[in-house]
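The values are calculated or read from the model by the stated rules, or taken from the named source; none is laboratory data. A quick note: this is a predicted structure, and the numbers were derived from the prediction, not measured. As a convention, Cβ positions derive from the backbone with ideal geometry for all residues, glycine included, and neighbour counts pool all protein chains shown.
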Ligand code: GDP
């Protein structure tokens, strides 16, 4: 069977939803899935959500891990497209995971709670998207409530997020007098009716933006909307595809996810506006999605679905070619060969076997540690994709085993948790006590719990004096490995190696770091490490 790779690539849309908790991501996800007939999954999205709200009691999250794997990637067919929706962890202590997931998408859908406007988590996630020039679609949710004025919201998004907003729809009223949205491009009105179980798409449609019937039927809300649209049309630039693709302009839609209103327009916009998979940079060359040979990159690892088996699933974003079950793949970092016969697809609530995949798709490969975050898979070519970020931790702890006989288990456990990206593990050059680095406190708790329950060793986690980490390198022109070694020797009391043996400087205070930077001008200090 010869798959028509370019056609398949053109059909793909891979995106994530970014939002602040409670803006409506789960609700919207469910409604999007309804359109593709994947109603079963909608239930699982809810189940996951139920657990997720107990954010302080993360053990609940743990219980639901099976569900969260199944719903962490959702694939649906809509019109002639295959849409991959990647879920992002809700709790900000796991933001590192989220950043990595965002490296695997080609577009993002930003959901704003119209009553709250731009919120902190949205701002943070958006910055990550902006750094990568990811195109953003904006959905302003909860118009059925008393919310901010649409002009103010538009202004807030532009000001706070530094993007030009181009309204594709405009609301007529809000809350109790929310009448619907005017579609500025189709020049029609979609009349709102409440109801969570509406299939969507069966809204009453009225032709024209200036239909004489509007004034009598929708009263002053229409008058107001009409005036605002005039203003917006004069002030806002028209939609520019290049600006959108560069992440500088965002089309904006208004709706109410819980009432399934305005959702289909967003889905249509994803198909019509969001880009198919693009060229991806690797160290050696750029890789085009329609190249015949398979390549992919591991952007997430989820471990121990079944704690008894220590299996873990590597989430691979296909970057090019055609993946078929059972094909031979090379793990470029180790040179090892992999022949995944069981591959997890995320199409439905149950794990299903997947037979083929193309650029933009996500495949889940169960393994016992052969695959690490950032790994590149190919059919044989030596290639390393770039761009998978690790952030310098901002919190540190020492970790020791309570029972010295369990030292081996501790090391093995930390090794795996480190590879999975659950925590960063540092081995100090001087001294034998391992150190943990995290972005959020919750990560330490997760690690302690998992060490005990999955690796059978109780860990003692105690405070430690460090608060800043920097990965260090030295360019060839500045002395390369020799100069780097000189630096490491001169600072051995505050040097460590991380999970992939990258030398890392650990310091207590920012002034200390500045002094070291000044003293060692040839050394580069990085707060961000890309690939392994
Ligand atoms: P998430 O945390 O972003 O996933 O948010 P959810 O989808 O769980 O929504 C948070 C709350 O807002 C839930 O109680 C939803 O029922 C509610 N919600 C979602 N969309 C709407 C909407 O359009 N209108 C109203 N009034 N409530 C909504």
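Assorted remarks:
- Here residue 258 does not fit the description of being within 16 Å of the ligand (Cβ to nearest atom) and within 20 Å of the chain's Cα centre (by Cα).
- Cβ-Cβ under 9 Å pairs, at least 6 apart or on other chains, region 251-262 side over 12 Å from residue 111 (Cα atoms) and in contact (Cβ under 8 Å) with a residue 40 or more places away in the chain, far side within 9 Å of the ligand (Cβ to nearest atom) and part of a strand (DSSP E or B): 258/141; 262/141; 262/256
- Of all residues in region 507-532, those satisfying the criterion of being surrounded by 15 or more Cβ atoms within 10 Å (Cβ to Cβ) and under 19 Å from residue 421 (Cα atoms) are 526, 529, 530, 531, 532.
- Residue in region 281-297 that is nearest to residue 375 (Cα to Cα), counting only those that are modelled with pLDDT under 95 and assigned to a strand (DSSP E or B): 282
- The set of residues in region 1-42 that are away from the ligand (no atom under 13 Å from the Cβ), in a helix (DSSP H, G or I) and either modelled with pLDDT under 90 or within 17 Å of the chain's Cα centre (by Cα) (or both) comprises 34, 35, 39, 40, 41.
- Residues of region 236-255 satisfying the condition of being at negative phi, buried (at least 19 other Cβ atoms within 10 Å of the Cβ) and more than 12 Å from the ligand (Cβ to nearest atom): 244, 249, 250, 251, 252, 253
- Answer residue from region 143-190, given it is free of Cβ contacts under 8 Å to residues at least 12 places away in the same chain and not in a helix (DSSP H, G or I) and is farthest from the chain's Cα centre (by Cα) among those: 186
- Residue match in region 489-511 (condition: touching a residue at least 60 places away in the same chain (Cβ under 8 Å), in contact with a strand residue (DSSP E or B) (Cβ under 7 Å, 6 or more places away or on another chain) and under 22 Å from residue 314 (Cα atoms)): yes
- Hey, residue 431 crowded, with 17+ Cβ neighbours inside 10 Å and modelled with pLDDT under 90 or not: no
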